[in-house]
Amino acid sequence: TAVAATINNVGPGLSKVGPICNFGGFSALSKYVMMFDMLAGRLELFPLLILFHPAIIKEIFSGKRKSRV
C-alpha cells in the first residue's frame, strides 16, 4: 500500500504507512523507489520514462543539441 499511496498521491496507506505511522521504517532503497513513484504520479509515467531514456540522456550530456526546425 506504500507504493499505491505514493504513485496515486492519495495520502496515507495501510498498515506500516497508515494514518498514525510514517515511512521511516523503510530502507533507503525503498524510499528511493517511493520517491520515483511520487514523481511518476505527479508528472505522469510516460514523460518520466522518456526523460530517462538512454538516447535522451546521451543527447543532454553530450552537449550536441539537434535543432529541429
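The values are calculated or read from the model by the stated rules, or taken from the named source; none is laboratory data. Since this is a predicted model, take the numbers as computed values, not measurements. Cβ atoms come from the backbone with ideal geometry, glycine included; neighbour counts cover every protein chain shown. Quick note on the areas: whole protein, heavy atoms, side chains included, nothing else; ligands and nucleic acids left out. Shrake-Rupley method; radii C 1.70, N 1.55, O 1.52, S 1.80 Å.
Grab the beta carbon distance between MET35 and SER62, set R0 = 25 Å, and tell me the FRET efficiency rounded to 0.05.
Approximately 0.40, to the nearest 0.05.
Write down the accessible area per residue of the chain in Å², having rolled a 1.4 Å probe over the full set of protein chains.
84
Pop out the ³J(HN,Hα) list for region 22-38 in order, Karplus 6.51 cos²θ - 1.76 cosθ + 1.60 with θ = phi - 60°, rounded to Hz; leave Gly and Pro as x.
9, 8, x, x, 8, 6, 4, 4, 4, 5, 5, 5, 6, 5, 4, 4, 5
Can you tell me the convex hull volume per residue for the chain, based on C-alpha atoms, in Å³ to the nearest whole number?
102
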